[in-house]
Amino acid sequence: MNSMQRKLSTIAAALILAAVAVPSMAAPALSAKRTEATQTSSYITAADGAQLYYKDWGPKDGPVVVFSHGWPLSSDSWESQMNFLAANGYRVVAHDRRGHGRSSQPWDGNDMDHYADDLAAVIKALDLKDATLVGFSTGGGEVARYIGRHGTTKVRKAVLVAAVTPLMLKTATNPAGLPVDVFDGIRKGSLNNRSQLYLDIASGPFYGYNRPGSAPSQGLIQSFWAQGMQAGHKNTYDSVAAFSATDFRDDLKKFDVPTLVIHGDDDQIVPIDASGRATAKLVKHAKLIVYPGAPHGLADTHKDRLNQDLLDFLRN
């Protein structure tokens, strides 16, 4: 081996040693950087062990708005309102109801009392105070039951959007409600083919796409279906009884904060006379805003107006 070859061999050996040594020396620094960037998962554990996924957007020092979603959806259904309010300086929080979205799917506890207590768990875990609670459809019932069970010490205002309150089911004391056959039909459809059921609801009455002259959005239809199919089968089945047969009349009488009721007068899922208008009569000093021609899914079909109405109510 000549001198040039010996030099090259020495350089090569040095490079090999450096390549082995550098990762060993650099590993602690790299590990430290990863540790600094790691965040804990966005889950809160309920009293019975159910894991509740949540979103917490916007400035952490902003006024708090907490959203409760409808059936069989998830917190994703509020993304237009959350994005808008967060951009306007509000801290917006929403969780996936137990059995829905990314939350766990407990076999039991799929009822309004558990839903309300889960909402209380989110508010407590995040130490939310002076919050405005906004509930859509089933989420409106969740907000009402929360106030009925936990009071308003942490609540500044309330908004009920196309809510299932005060009682959807027709009974002797609620003759304006819907007959049980309607909800039995939903349960039957869920057992037979819930995937098709969700497509039928979304492509028909939910967004008003069964009305003459409507322009169906395949994106909204598919989003509804995807959120529904992410939820647990038994959870959504049980929830039909929760949103239809729970009586919120006593809960609504306990509201003692400024309350806004928003409802479309062409809501085919939760008809306005038995819900929005009846709710506004039970809540002291509630303000009712009716959206002419709006369907149940107005958070999407009328999102710009809803966003502005929410912002105006929060600022006043």
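Laboratory data are not the source of any read-out in this text; all were calculated from the coordinates shown. Since we're looking at a predicted model, the values are computed, not measured. We place every Cβ from the backbone using ideal geometry, glycine too, and count neighbours over all the protein chains shown.
General observations
- Cβ-to-Cβ counts within 10 Å put 142, 79 in ascending order as 79, 142, the fewest first.
- Put simply, the amide H of residue 103, placed in the peptide plane, has neighbours under 5 Å in 53, leaving out anything fewer than 5 places away on its chain.
- Taking 37 °C and 0.692 mPa s as conditions, region 64-130 diffuses translationally at an estimated 260 µm²/s according to Stokes-Einstein applied to its Kirkwood radius (Cα pairs).
- When only the Cβ of Lys, Arg, Asp and Glu is charged (+1, +1, -1, -1), the dipole of the chain relative to its Cα centre reaches about 880 debye.
- Rg/Rg_globular for region 152-282, with Rg_globular taken as 2.2 N^0.38 Å and Rg from C-alpha atoms: 1.14
- Ranked list, fewest to most other Cβ atoms within 10 Å of each Cβ, for 123, 262: 123, 262
- Evaluating 6.51 cos²θ - 1.76 cosθ + 1.60 at θ = phi - 60° for every residue in region 95-107, the Karplus couplings come out as 10, 7, 4, 3, x, 10, x, 9, 6, 6, 10, x, 5 Hz, glycine and proline recorded as x.
- Least to most buried among 312, 56 (fewest other Cβ within 10 Å first): 312, 56
- Scanning residues 5 or more positions from residue 261 or on other chains, those with amide H under 5 Å from its amide H are 160, 287, 288, 289, with H placed 1.01 Å from N in the peptide plane.
- Taking a Cβ cut-off of under 13 Å around residue 281, the surrounding Lys, Arg, Asp and Glu residues balance to a net charge of +4, with basic ones at +1 and acidic ones at -1.
- Surrounding net charge for residue 201, when Lys and Arg each add one and Asp and Glu each subtract one, Cβ distance under 14 Å: 0
- Neighbour net charge for residue 49 - beta-carbon separation under 12 angstrom, K R +1, D E -1: -2
- Dipole magnitude for region 121-160: about 100 debye, using +1 per Lys or Arg Cβ and -1 per Asp or Glu Cβ, origin at the Cα centre.
- Look at the dipole of the chain built from charges on Cβ: of 138, 123, 223, the Cα furthest out on the positive end belongs to 123.
- Remark on residue 269: its backbone amide H falls under 5 Å from those of 296, a criterion applied only to residues 5 or more positions apart or on other chains, H modelled at 1.01 Å from N.
- Globularity ratio of region 123-193, using Cα Rg and 2.2 N^0.38 Å: 1.41
- One compactness figure for region 33-176 is 1.07, namely its Cα radius of gyration divided by 2.2 N^0.38 Å.
- Taking each DSSP H run with n ≥ 4 as -39500 (n - 2.57) and averaging over every residue of the chain yields -15000 deg cm²/dmol at 222 nm.
- Calculated SAXS-style log₁₀ I(q)/I(0) at q = 0.12, 0.13, 0.14, 0.17 Å⁻¹ - region 44-315, Debye, Cα scatterers: -0.65, -0.78, -0.92, -1.47
- Between region 292-312 and region 65-85, the alpha-carbon center distance in angstrom: 13 Å
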